[in-house]
Amino acid sequence: MERQVVIPKDVRKRHGLERDTDLVLTEEGNALGLRKKADIEKVLRNLSYPLLRAAEKSLAELWENPEDDAWKGA
């Protein structure tokens, strides 16, 4: 469900908020915060990238294992 929040013009200008800028309401302890959705997505990508690389490496090692003959003759 979308809600509208009025952000003063000077604050929008300082933070580069345009009409189509998506914001996400976050809860940080006892405080609420607004963050640009694009900024949060970037942080999540940066956090998950090492995990994705490790998973790719592990799967490649499994798939490229010459001793694994589970798929032969299938």
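Quick notes
- Scanning region 10-19 for residues that are modelled with pLDDT under 95 and farther than 14 Å from Arg35 by Cα turns up just one, Arg19.
- Residues of region 20-49 classified as loosely packed, with under 10 Cβ neighbours inside 10 Å and within 13 Å of the chain's Cα centre (by Cα), total: 2
- For region 28-41, the tally of residues that are touching a strand residue (DSSP E or B) at 6+ places or on another chain (Cβ under 8 Å) and either among the aliphatic types (A, V, I, L, M) or farther than 19 Å from Val6 by Cβ (or both) stands at 3.
- Conditions (1) at pLDDT below 90; (2) exposed (fewer than 10 other Cβ atoms within 10 Å of the Cβ); (3) in a helix (DSSP H, G or I): number failed by Arg3: (3)
- Verdict on Ala54 being modelled with pLDDT of 85 or more, surrounded by 10 or more Cβ atoms within 10 Å (Cβ to Cβ) and not in a strand (DSSP E or B): no
- Qualifying residue in region 9-29 (condition: at negative phi and in contact (Cβ under 8 Å) with a residue 24 or more places away in the chain): no
The values are calculated or read from the model by the stated rules, or taken from the named source; none is laboratory data. Source: prediction; values computed, not measured. Please note: Cβ atoms are built from the backbone with ideal geometry, for glycine as well, and neighbour counts cover all protein chains shown.
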